[in-house]
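Everything below concerns the one structure shown next.
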Amino acid sequence: MADGAFGLTKELERETAGVWAKVKDHVTPLEWPAQARLISEINRLKRERDAVILAHNYMTPEIFHGVGDYVGDSLGLAKEAARLDAKVIVQAGVHFMAETSKILSPEKTVLIPDLRAGCSLASSITGADVRLIKQRYPGLPVVTYVNTTADVKAETDICCTSANAVQVVEWAAREWGVDRVILIPDEFLARNVAAQTTVGIIAWKGRCEVHERFTVADIAEMRAAYPGAEILAHPECPEDVLAAADFAGSTAAMTDYVEARRPKQVVMITECSMASNVAGDVPGVQFIGPCNLCPHMKRITLQNIHDCLLNMQFEVTVPADMIERGRLAVQRMIDLPPPAIPARYDLVKARHHVDVELI
């Protein structure tokens, strides 16, 4: 068959044309032939293995748009993991996400393309730490960010994401009949939640190495250089960064904001690939830096996804007792009625300004 554009066969060019349309601003024509062939081969292997790929928003565009069967934030991927029929789940994300998939689908084979794909936030706390926290604050519910390991989830009453953290904290306070809740491990998420609720927050000093590096000075520089740009920030950033932004919300909330408003220029204060992936679905919107790369997310590539499926390698397992206890916490989160809209963190019109109790 004669070659088409990029030296690809006409068949492969047609097969991957839709992906190229979404990634062409982020992938060079020199890179594309190799990526197109890998995308085709990965999609073939998925059919053979009865596998699906869960791709987080921080995956690079060729993964997100090219091979992801289900894409989105941690909450969305957790829900998909719970209801999938496929025999194999490949987690295009980091290790705690793969553990969450295993907790929710213990009968399935869960693979991760690189076992070193960790998370600074998940590494900041252990199950033993949570047990000590519960001894110090007996009777208070433990709300744990889904960005945590299986042993931490096993010590948790209910999980949350940035999209529903305020809702979960208020639910836990009502259910336990208390006025304070333990919200771990992200310090900045806890502080930003505290400004949106009257429930007292006890927090842990864990941080995301991507989001903690953003500063108010970054926003000031962007406003000076691009005065018409709308600036969106993730709630894992420090409070003053959120207060300086035009909008602050979860990854889902930021995506919804851009898709609904279609501003001419947008700055996303979050991981770099988030903006690249949203850009593929909103042509005409210009996305401007700054952004920070997550070194753990970037360990996942088309090549190691291919090798993972080809060799059925790097299986993620969780002890049965952790699965049983962790599933309750994750399932409680999933079973809550979803918020009418993904959480917005409005620190300008916050209900009140209080400090959290930092453990």
Quick one: would you say L328 is modelled with pLDDT of 95 or more and out of contact with any helix residue (DSSP H, G or I) (no Cβ under 8 Å at 6 or more places or on another chain)? yes
Going through the stretch 134-193 one residue at a time, which ones are farther than 20 Å from I323 by Cα and small (G, A, S)? G139, S162, A163, A165, A172, A173, G177, A190
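Which residues, taken from the stretch 298-317, are closer than 24 Å to R83 by Cβ, touching a Ser or Thr at 6+ places or on another chain (Cβ under 9 Å) and either assigned to a loop (DSSP other than H, G, I, E, B) or open to solvent by less than 80 Å² (accessible area, probe 1.4 Å) (or both)? Please lay out each step first, then the result.
Residues of the stretch 298-317 that are closer than 24 Å to R83 by Cβ, as a first pass: 300, 305, 308-309, 312, 314-317.
With the extra rule that they be touching a Ser or Thr at 6+ places or on another chain (Cβ under 9 Å), the set shrinks to 300, 312, 315-316.
Across the stretch 298-317, the qualifying residues are I300, M312, V316.
With respect to V146, determine if the residue is under 21 Å from K298 (Cβ atoms), of a type in the set (V, I, T) and open to solvent by 30 Å² or more (accessible area, probe 1.4 Å). Full working, then the answer.
Working: under 21 Å from K298 (Cβ atoms): yes; of a type in the set (V, I, T): yes; open to solvent by 30 Å² or more (accessible area, probe 1.4 Å): no.
No.
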If I go through the stretch 85-100 residue by residue, how many of them are within 9 Å of A117 (Cβ to Cβ) and either charged (D, E, K, R) or without any contact (Cβ under 8 Å) to a residue 40 or more places away in the chain (or both)? 0
Quick test for you: out of A154, A173, pick the one residue that is surrounded by 20 or more Cβ atoms within 10 Å (Cβ to Cβ), of a type outside the set (V, I, T) and without any contact (Cβ under 8 Å) to a residue 40 or more places away in the chain. A173
For residues in the stretch 140-180 being in contact with a Leu (Cβ under 7 Å, 6 or more places away or on another chain) and assigned to a strand (DSSP E or B), which is nearest to A194 (Cα to Cα)? R180
In the stretch 161-193, the residues that are more than 19 Å from T270 (Cα to Cα) and at pLDDT below 95: V166, Q167
If we take the stretch 186-294, then strands (runs of 3 or more DSSP E) inside it with 1 or more residues that are open to solvent by 50 Å² or more (accessible area, probe 1.4 Å) and in contact with a helix residue (DSSP H, G or I) (Cβ under 9 Å, 6 or more places away or on another chain) are 286-288
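The values are calculated or read from the model by the stated rules, or taken from the named source; none is laboratory data. Note that the structure is predicted; figures quoted are calculated from it, not measured. Reconstructed Cβ throughout: ideal geometry from the backbone, glycine too, with neighbour counts over all protein chains shown. These accessible areas exclude ligands, DNA and RNA; they are computed on the full protein's heavy atoms, side chains included. Shrake-Rupley method; radii C 1.70, N 1.55, O 1.52, S 1.80 Å.
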